[in-house]
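The values are calculated or read from the model by the stated rules, or taken from the named source; none is laboratory data. Everything numeric in this text was worked out from a predicted model, so none of it was measured. Because the Cβ atoms are built from the backbone with ideal geometry, glycine has one as well, and the counts that use them run over all protein chains shown.
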Amino acid sequence: MPTSASPSSSSPTSQRPVLVAGGGIGGLSAALALSRQGYAVQVFEQAKELGEIGAGIQLGPNAFHAFDALGVGPQARARAVYTDYMVMHDALDEYQVGKIPTDEAFRQRFGNPYAVIHRADVHLSLLEGAQASSLVEFFTDTHIQRVEQDANGVTIYDQHGKAYHGQALIGADGVKSVVREQLVGDPARVTGHVVYRAVVDKQDFPQDLQWNAASIWVGPNCHLVHYPLRGGEQYNVVVTFHSREQEEWGVRDGSKEEVESYFQGICPRARQLIELPKSWRRWATADREPIGTWSFGRITLLGDAAHPTTQYMAQGACMAMEDAVTLGQALAKHPGDWDKALDLYQRSRVARTARIVLSSREMGRIYHAQGVERLVRNNLWRGRSAERFYDAMEWLYGWNVENCLAED
């Protein structure tokens, strides 16, 4: 919680600020978590304005536990769409592979709902919280070029050579993290999977697919996702396929012609999704091999900088917010002791986030199964009850602020 007493010579607020690289979901979450522990924070964002690109994302109960711990639960809840179920269909023959209710029983089990939301609305909710704090300061159009540290603090240098000094640095600068590159320098693992994302207005979205659900159509080397956004006035549409090209990690404009060329064999009901968007953004995806060490002295990594993952578990933003909450709790347990706090934060997060990265790879394989493997996939969850689905999800959705720290 925020420090209410007057700053003393040993309190967090009397010392140099904590520097946060990145003003995205991870960076803002870190800023909120730190400020709620009484730390002054400086957030550095390379874009000229604070904002988010992308489309919809899914929020499990763990995300809402994180929103609440960061003090922005009401803002996020007001912008989310609460689904009735999650459903998977085979894109070749419309067979329903699995359906998981996200109703009151789900909420009772995990203490929070399942929802879908525009990525920009997550960012806005966090930004509003950070801007309301007198302890958080923002620097935009600032490219971090170099990082140095000693026993007492960290210095970062921007593109103009200007130095900023802090007691610690949180590298939340995304999948192509400058901080990680300097400290770890490991290569990205380009998947060859390409993701197209778009948002479609309700009046242009097929009525027979206007389900209040997180819906996925899985096919050979491809899949399609759709769900409502912004009170059901828009729909998120995502298509993924294995590219024929040699891909490089990045984002650019896409073309309907390319998408259509990868979805020739799917059923008409699912295929109509790719006819809808007027414009597409194209992501060539990558992750990295999980690492056991991402804290170095007074510098640590958070979110995609620490554990970039593919999208198949729908947990990238959720993990960044969990990281931030856990970092805040580690500092609450070891106030001002960065060695102990960052060690506890890292130990609390490495295995869980690595499980997300590895599970996401495997989920991508399940989604894109073909031949006999497709038949196995379609039989995986036949006859499974809601309670058995919930049991399988406990490790993921059972996370909260009370259980987030590893035992010392």
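Quick check on Trp294: is it closer than 22 Å to Ser243 by Cβ and in contact with a strand residue (DSSP E or B) (Cβ under 8 Å, 6 or more places away or on another chain)? So Trp294 does not fit the description; no. Residue count for segment 258-307, restricted to those that are closer than 23 Å to Gln149 by Cα and assigned to a loop (DSSP other than H, G, I, E, B): 9. Being of a type in the set (D, E, K, R) and more than 19 Å from the chain's Cα centre (by Cα) holds for only one residue in Asp150, Asp121, and it is Asp150.
I'd like to know if segment 241-249 contains one or more residues that are farther than 20 Å from Val41 by Cβ, among the basic types (Lys, Arg) and touching a residue at least 40 places away in the same chain (Cβ under 8 Å). Taking every residue of segment 241-249 in turn, none turns out to be farther than 20 Å from Val41 by Cβ, among the basic types (Lys, Arg) and touching a residue at least 40 places away in the same chain (Cβ under 8 Å). Taken over segment 3-35, the criterion of being touching a helix residue (DSSP H, G or I) at 6+ places or on another chain (Cβ under 6 Å) and at pLDDT 55 or above is satisfied by Val18, Val20, Ala21, Ile25, Gly26, Leu28, Ser29, Ala30, Ala31, Leu32, Ala33.
Screening Ala132 on (1) modelled with pLDDT of 95 or more; (2) closer than 30 Å to Trp395 by Cβ shows it passes everything except condition (2).
Within segment 326-357, track down each residue that is loosely packed, with under 15 Cβ neighbours inside 10 Å and not basic (Lys, Arg). Matches in segment 326-357: Asp337, Asp339, Ala351. Evaluating Gln42 against the criteria (1) in contact with a helix residue (DSSP H, G or I) (Cβ under 8 Å, 6 or more places away or on another chain); (2) modelled with pLDDT of 95 or more leaves one unmet condition, (1). Any residue in segment 297-306 that is surrounded by fewer than 19 Cβ atoms within 10 Å (Cβ to Cβ), without any contact (Cβ under 8 Å) to a residue 60 or more places away in the chain and in the same structural domain as Glu362 (by TED's automatic domain parsing)? No: zero hits.
If you go through segment 47-94 and keep only what is crowded, with 19+ Cβ neighbours inside 10 Å, charged (D, E, K, R) and farther than 13 Å from Ile25 by Cα, you end up with just Asp90. Could you list all residues from segment 100-123 that are touching a residue at least 12 places away in the same chain (Cβ under 8 Å), under 12 Å from Ala386 (Cβ atoms) and of a type in the set (Asp, Glu)? Asp103, the sole residue that qualifies. The residues of segment 205-234 that are at pLDDT below 95, within 22 Å of Gln315 (Cα to Cα) and polar (S, T, N, Q) amount to a single one, Gln234.
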